[in-house]
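What follows is a single structure, written as structure tokens, with notes after it.
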Amino acid sequence: MTARPAEAASTTTPAPLLRIERITKSFGNVDALRDIDFTIGRGEFFSLLGASGCGKTTLLRILAGIEQPTTGRLVIDGQDMAGVPANRRPTNMVFQSYAIFPHLNVEENIGYGLKNLKLGKEETARRIEEALALVKLDGFAKRNSHALSGGQRQRVALARALVMRPKVLLLDEPLSALDKKLREEMQLELRAMQRTLGITFVFVTHDQEEAMTLSDRIAIVSAGRILQIGSPQDLYERPAGREVAEFLGSMNLLPVTVSGPASVDAGPLGPLSAPVKGLPDGTPAQLALRPERLSLVEGEGPAGNRLSGAVAEAVYLGDRIHYLVDIPGLARPLRVVAPNSVAPVLALGSPVAVTWPDEAGLVLGD
Amino acid sequence: MTGGWGFKTYAILFIAFIYGPVLMLPLFSVNDSNFATFPLAGFTLRHYADLWTQRPILEALGNSVRIAAGVSVLATVVAMPAAIAVTRFRFAGKAPALAFMMLPLVVPSIVMAVALLVIVLRFLGIPLSLWTVAAGHVVVCLPFCLSVLVSRLEGFDASLEEASRDLGCAPMQTFWRLTFPLALPGIISSLLLGFIISFDEFVIAFFLTGTENTLPVYLYSQLRFPNSLPGTLALGSLILIASTLLVVLAEVIRRRGVTSDNPGDI
Ligand SMILES: Nc1ncnc2c1ncn2[C@@H]1O[C@H](COP(=O)(O)OP(=O)(O)O)[C@@H](O)[C@H]1O
Ligand SMILES: [Mg+2]
């Protein structure tokens, strides 16, 4: 599986600021990263999305210079980073633990790195004030660092990195320790901040919704490899494979065999229509269907892609209704998301047909 | 509750056994007699007052304080990089290296003293003096200082140092601006501990000293003279009080450092 064709499919890629060239990283006999190769554009909000332990933090630490790649090359803004230590890179990091210096107050934490820039007293004070305002901590300058809430610590960590005006800001799951409401609030703020400052953000998360909300582009990481890179829409609508399809959002997968340029054979369920790209006849594949692209009709329903079954579960969520539909001949029930319309919620056991337009189906090779 | 009663008796006997002899020291030091015997003759502080007129005692005290001060600083300075290496880096042979540095804890001091004596006289050919005592004391203090510093440094997040690097500090700047202030409680308790150990140490000082004495060695040499016994008792009591205070202080500082969730607290 290669990342490059998918990347090329994305619409506009800004001029690259970071070039990550064939980077690998091993810890003893653990291969944390394998052949990572992509670029990140200037001013992009770029996310690394993947399950815990897939290598996201390791990649971020290599960008920061805290960790050295085993092989490969990293170029930031035209400069090869080989031999450039962390303290001389144009990057700054927001650590997952926030790493707030406990012996310093808020202002001293934010000014910690500025001291190294030797800006002079006034400029330093001005920048600290600006940073405090940016993260909405005005008035907290003298606050002791251990008298801060989780959200405030997060803001201090962010301000401390941003005040350095890095070319690239690295964020390692900065919101994962916050509660849901605060997290959603911070997501909006981060996005707005990134737009106004124009700084390139590399954002690590294991939360797909967060990645979709924030990112210009997302790289899906799994077991030290990049599965696909693209805009949220690319990844959601045109996943390059089964793993990506299942990772982002919810997906129904039906085992099928390719039977023509626009048709697949679903075994006991009969022939179904779907656009097939680049898979010869007879190839075993998966027909991927998003729950929200499926419709439920009572009774038989119209001709076309249609599977008959019975409602096994209905969950009323206000704006939408989640159904599970048992289809005879299919091991797992189909998930269907229906918008809440005036029609009543279908009763359990009702005979229904699940239908969808041809182009809603995506045929993925195994 | 016979079990509780039995346990209480045991605890009281235990404490009496340990502290009884020690408490005889202050008791006889205020007894108005030249002999440490019962019955007590009456209360006096003259043994304490006499102390200040005895030059040899004051000289020995001065020697001990100077050695203890120097040793505590040197041992702490030497132990600090080792403690950083042990807590921050993974390297081959770390466990054996650490065990080796901790060895003086379990080697009997008489063995240590003889070994050091042989090394100093035979291999190095250095004449015995207070300097050789100090060198021996550094060896004895190192493992104590090291374990105090290691327990301190283990307590804080390694990403703090990474953050400092990330914000533009070279390794030495990171040490002075971050590691040192955070480790300060550990450093202070390491200094106190080193001071007490060196100040109290007898065997190595006895073997390695030249013509000048440290206080413990001087006190021992005075035991032959009955007249100076009360003075010895008075001095012993003072040392007892001072050491107890220092040990308690060192422990309080160490405890607060370890349990506090804010490593910057002292
Ligand atoms: N310093 C290290 N030593 C050994 N293994 C490590 C080290 N850092 C990370 N790893 C391993 O590398 C893999 C990726 O870790 P990490 O980058 O932290 O994942 P993520 O951030 O995606 O959860 C994991 O299997 C982890 O155990
Ligand atoms: Mg991680």
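All conditions but one from (1) assigned to a strand (DSSP E or B); (2) closer than 29 Å to residue A:189 by Cβ; (3) away from ligand 2 (no atom under 15 Å from the Cβ) apply to residue A:48; the one that does not is (3). Taking the criterion of being buried (at least 17 other Cβ atoms within 10 Å of the Cβ) and modelled with pLDDT of 90 or more, the residues of region A:331-350 that qualify are A:333, A:334, A:335, A:336, A:337, A:338. Of the set (1) farther than 30 Å from residue A:140 by Cα; (2) more than 10 Å from every other protein chain (Cβ to nearest Cβ), all apply to residue A:85 but (2). Given the condition over 20 Å from residue A:115 (Cβ atoms), free of Cβ contacts under 8 Å to residues at least 60 places away in the same chain and not in a helix (DSSP H, G or I), answer yes or no: does some residue in region B:136-144 qualify? No: zero hits. Within the option set B:68, B:97, B:115, being surrounded by 14 or more Cβ atoms within 10 Å (Cβ to Cβ) and touching a residue at least 40 places away in the same chain (Cβ under 8 Å) holds for one residue only, B:68.
Right, residue A:73: assigned to a strand (DSSP E or B) and more than 13 Å from chain B (Cβ to nearest Cβ) or not? Here the answer is yes, as residue A:73 does meet what is asked.
In region A:167-182, of all residues being away from ligand 1 (no atom under 16 Å from the Cβ) and within 14 Å of chain B (Cβ to nearest Cβ), the one that is nearest to residue A:99 (Cα to Cα) corresponds to A:169. Among A:67, A:122, A:44, which is the only one that is of a type in the set (Asp, Glu) and within 10 Å of chain B (Cβ to nearest Cβ)? From the options A:67, A:122, A:44, the qualifying one is A:67. Per this entry, residue A:144 is not counted among residues that are within 12 Å of chain B (Cβ to nearest Cβ) and either surrounded by 15 or more Cβ atoms within 10 Å (Cβ to Cβ) or farther than 22 Å from residue B:161 by Cβ (or both).
In this entry, residue A:155 is excluded by the filter for residues that are in contact with a helix residue (DSSP H, G or I) (Cβ under 6 Å, 6 or more places away or on another chain) and away from chain B (no Cβ under 12 Å).
Can you name every residue in region B:42-90 that is of a type in the set (Ser, Thr, Tyr) and over 18 Å from residue B:217 (Cβ atoms)? Passing the criteria: B:44, B:48, B:53, B:72, B:76, B:87. I need a count of the residues in region A:249-277 that are in a loop (DSSP other than H, G, I, E, B), more than 17 Å from residue A:331 (Cβ to Cβ) and free of Cβ contacts under 8 Å to residues at least 60 places away in the same chain. The qualifying residues number 2. Does residue A:353 count as of a type in the set (Gly, Ala, Ser), in a strand (DSSP E or B), modelled with pLDDT of 90 or more and closer than 20 Å to residue A:271 by Cα? Taking the combined requirement at face value, the residue satisfies it.
The values are calculated or read from the model by the stated rules, or taken from the named source; none is laboratory data. Computed from a predicted model, the values in this text were never measured in an experiment. Because the Cβ atoms are built from the backbone with ideal geometry, glycine has one as well, and the counts that use them run over all protein chains shown.
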